[in-house]
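Structure, as structure tokens:
The values are calculated or read from the model by the stated rules, or taken from the named source; none is laboratory data. Every value quoted in this text rests on a predicted model; they were computed, and no experiment measured them. Reconstructed Cβ throughout: ideal geometry from the backbone, glycine too, with neighbour counts over all protein chains shown.
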Amino acid sequence: MQLVALATNPYCRHDFFGPISMGMAWNLIGIGAAASALLMSMPLQAAEDLEPGAPELTSRLERLLDSVAVPKPVQKRDQRTPQKTVLTPAEIREVSLPVPAAILPPPKLKPVPAVVRVLTGEASWYGPGFYGNRTANGEIYRPGTMTAAHRTLPFGTKVRVTNLWNGRTAVIRINDRGPFIDHRVIDLGHGAASHLGLTASGIAQVKLEVLR
């Protein structure tokens, strides 16, 4: 009857050695855990109870402890705080800014007058007997004026006159009418004749360039 009760009891199981109750099983598990903890603490207890006269065991324990690498705490950098870079005096150099170049105004170019007509022929000049008289356009004729007389060119027309005998050139203004000799193309005033170098000869072969 006792065996039947043990077999039907839910808190009892059969083992190799016979029926064992659950309480006994838990007691056995507790005894095993205590034995394991005791075995794990025995090396430390033995190391604490070592006498100074055991150098070999002490050195082995020291080597074992030294071989264990202790991780160092990693310092986290604050991402919001910028890192300051300190430069040495050798790394610091002066930066010279380029000097801006002076901006010069564009040069004023005189427009080159266009040549609208070219004539060649003989030129003469008039002077001493006409000083003080009025020219055809009403001006008073004076010595030294850079003017000339032409038969058809409008008053105020500018003409570049080149002395083909010596290469001299002068720009004169038409303000009178003449010459009245058929084969001559222009009659120069005193200033124009002096500049072209024909006052001594009185006449010269010239080229006329009518300017616009």
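Numerical summary
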| item | result |
| --- | --- |
| Hey, ALA193 in contact with a Leu (Cβ under 7 Å, 6 or more places away or on another chain), within 18 Å of GLY144 (Cβ to Cβ) and among the hydrophobic types (A, V, I, L, M, F, W, C) or not | no |
| Whichever residue in the range 100-126 is among the aliphatic types (A, V, I, L, M) and in contact with a strand residue (DSSP E or B) (Cβ under 6 Å, 6 or more places away or on another chain) and, among such residues, is farthest from ASN163 (Cα to Cα) | VAL116 |
| Pairs with Cβ under 6 Å, 6+ apart, first in the range 140-162 and within 11 Å of LEU211 (Cα to Cα), second modelled with pLDDT of 95 or more and among the acidic types (Asp, Glu) | ARG160/GLU209 |
| Residue within the range 184-191 that is closer than 18 Å to GLY121 by Cβ and in contact with a Lys or Arg (Cβ under 8 Å, 6 or more places away or on another chain) present | no |
| Of all residues in the range 172-185 being out of contact with any helix residue (DSSP H, G or I) (no Cβ under 9 Å at 6 or more places or on another chain) and of a type in the set (A, V, I, L, M, F, W, C), the one that is farthest from LEU153 (Cα to Cα) | ILE181 |
| Subset of the range 107-128 (residues that are assigned to a loop (DSSP other than H, G, I, E, B) and modelled with pLDDT of 85 or more) | PRO113, ALA114, TYR126, GLY127 |
| Breaking point among (1) at pLDDT 95 or above; (2) out of contact with any strand residue (DSSP E or B) (no Cβ under 9 Å at 6 or more places or on another chain); (3) of a type in the set (Ser, Thr, Tyr), for SER201 | (1) |
| Condition met for HIS150 (modelled with pLDDT under 95 and not hydrophobic (A, V, I, L, M, F, W, C)) | no |
| Test set (1) over 58 Å from the mean Cα position of the chain (by Cα); (2) in a strand (DSSP E or B); (3) not small (Gly, Ala, Ser) - PHE155 fails condition number | (2) |
| Output for the range 141-152, where each listed residue is β-branched (Val, Ile, Thr) and outside any strand (DSSP E or B) | THR145, THR152 |
| Subset tally (residues that are more than 58 Å from the chain's Cα centre (by Cα), of a type in the set (Lys, Arg) and not in a strand (DSSP E or B)) for the range 158-212 | 1 |
| Some residue of the range 129-137 being in the same structural domain as LEU188 (by TED's automatic domain parsing), part of a helix (DSSP H, G or I) and exposed (fewer than 15 other Cβ atoms within 10 Å of the Cβ) | yes |
